[in-house]
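Structure, as structure tokens:
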Number of protein chains: 2
Amino acid sequence: MGISDRKEREKEELRERILSAAKSLFLEKGIEKTSIRNIADQIEYSPGIIYHYFKDKNEIFHALHQGGFRQLMDKMSVLASVRNPLERLKAMGSIYVRFAMENPDMYDLMFIKEAPIDHVASSEHDDWKEGGGTFNYLRLTIRECIAQGNFQGHDEEALSYLIWSAVHGMVSLHIRKRCEVICSDRQTNIVADGLEEFFKMLDRL
Amino acid sequence: MGISDRKEREKEELRERILSAAKSLFLEKGIEKTSIRNIADQIEYSPGIIYHYFKDKNEIFHALHQGGFRQLMDKMSVLASVRNPLERLKAMGSIYVRFAMENPDMYDLMFIKEAPIDHVASSEHDDWKEGGGTFNYLRLTIRECIAQGNFQGHDEEALSYLIWSAVHGMVSLHIRKRCEVICSDRQTNIVADGLEEFFKMLDRL
DNA sequence: TGGATTATTAAACACTGTTTAATTACATTT
DNA sequence: AAATGTAATTAAACAGTGTTTAATAATCCA
């Protein structure tokens, strides 16, 4: 049936249009100030239509947040060329931080906001598989480091979490504007400086 | 004038009643789901009255968030008895993490949410002095550690930020439910385990 | 062309933060 | 004790929100 195929395509197309309208509005105004009516205006449909494509507002932002993980995973792909696991681990940190600084709103959505994760919790698949992929890559890299003799006496799982937490902490304090306590002439570069400091720590471990 | 004194007291009392109603509602329902009308209902006044005591909703939650910093600062006071700066630094981390785990909503308000900090930005005093006090204490402790020979080759300001970030990262990933990527049998204790791992790192630095 | 199905909308519901003008309460002065 | 002025308090409105419902428009199939 070619006709139902076309219908399927058209349906998918509108879904995509909703998503891209939501994304552009979200990036310029934030999640809270992007309303269903805003999105409907942008795509020139009535607000009600959106509920035929998404269960609720959270589901829209959960879909965007999935796209963010694809984006991040993509940036991580260059790491395959880095042989030394410790070097790869540091490169991973740099990529992670750069992604967060260049896409602060997307990072916020992926790792800070409660909205998309609430949707995960209330849906059938209770595992947060989007984040799981990148974390697993981190864990494997750290495993290689340990196998190579680094991080002696450390626990793989807890160390992975700690390392993730350190970079997440730095970028999230910055994104959520808690860095004003830092010495004013250091503020502009504090995230990069903090990361450097972290690399020094990892080297001496 | 005893009468205007009493009026002053009554005004202050109502302000306090608004604040405590806001706090209890906030702690059980979260900031977004606590409405001005909810607060007004609780204190048995009309919604409009609240605007004679607070400029807007953000100002209410900024006041609560200030209370949180007093609470945290208070818990930190036991640190005065710890002589060794490295031990004091670690004890500080423990207190910080415990505070966050025991008062997750208050921690969220203080270090994660954008609402109260938006109020700071839009008010006359653009410095975030509530957070500044505790951070300064961290900085001084680290300065002592460096003076004692610890953390050689590290920069005081950047290291302070990194250490804060590490603990903030761990608790905020937990509070915002991003820990589901962690091996399921490790999840319940992951924050404590991560902190232990961090202490090991600091010891070997 | 008629009937069934689907897509789309308008309208309503129950909320939200905030502002306005009107009202009540009360201390002070006549 | 009555009138006045001031401060506290409220009711009502405004413009917005997410979401659901029933009605309408468009489309496909027999």
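Quick notes
- Cα-Cα P(r), chain B, percent of pairs per 10 Å interval: 7, 28, 30, 20, 10, 4, 0
- Loop-located GluC sites (Glu not before Pro) across segment B:15-74 with a Cβ neighbour count of 10 or fewer within 10 Å are B:GLU44, with loop assigned by DSSP.
- Carbon plus sulfur fraction of accessible area for the protein assembly as shown, probe 1.4 Å, in percent: 49
- Electrostatic dipole magnitude of chain B [Cβ: Lys, Arg +1; Asp, Glu -1; Cα centre; debye, to 20]: 280
- Accessible area in square angstrom per residue, segment B:64-203, 1.4 angstrom probe: 40
- Compared with the dominant Cα axis of chain B, that is its longest principal axis, helix B:2-29 is turned about 60°.
- Farthest positive-ward along segment A:59-162 dipole, Cα basis, beta-carbon charges - from A:ASN150, A:TYR107, A:GLY132: A:ASN150
- Rh (Kirkwood; distinct C-alpha pairs) - the protein assembly as shown, Å: 23.5
- In segment B:58-145, the trypsin sites (Lys or Arg not before Pro) that fall in loop regions by DSSP, at most 15 other Cβ within 10 Å: B:ARG83
- Angstrom value of the Kirkwood radius, inverse mean 1/r, which spans all Cα pairs in segment B:142-205: 13.1
- In degrees, nearest ten, helix B:129-147 long axis to first principal axis of chain B (Cα): 20
- Reduced Cα scattering model of segment B:1-54, Debye log10 I(q)/I(0), q = 0.15, 0.18, 0.21, 0.30 Å⁻¹: -0.44, -0.58, -0.73, -1.17
- Per the accessible-area calculation with a 1.4 Å probe, the total area buried between chain A and chain B rounds to 4700 Å².
- Taking each of A:LYS90/A:LYS113; A:LYS11/B:LYS29; A:LYS90/B:LYS57; A:LYS29/B:LYS55 in turn, the alpha-carbon distance tops 31 angstrom for A:LYS11/B:LYS29; A:LYS90/B:LYS57.
- Computed per residue of chain B from DSSP H runs no shorter than four, each worth -39500 (n - 2.57), the mean residue ellipticity at 222 nm is -22500 deg cm²/dmol.
The values are calculated or read from the model by the stated rules, or taken from the named source; none is laboratory data. All values derive from a computational prediction rather than experimental measurement. Because the Cβ atoms are built from the backbone with ideal geometry, glycine has one as well, and the counts that use them run over all protein chains shown. Side chains included, ligands, DNA and RNA excluded: accessible areas come from the protein's heavy atoms. Shrake-Rupley method; radii C 1.70, N 1.55, O 1.52, S 1.80 Å.
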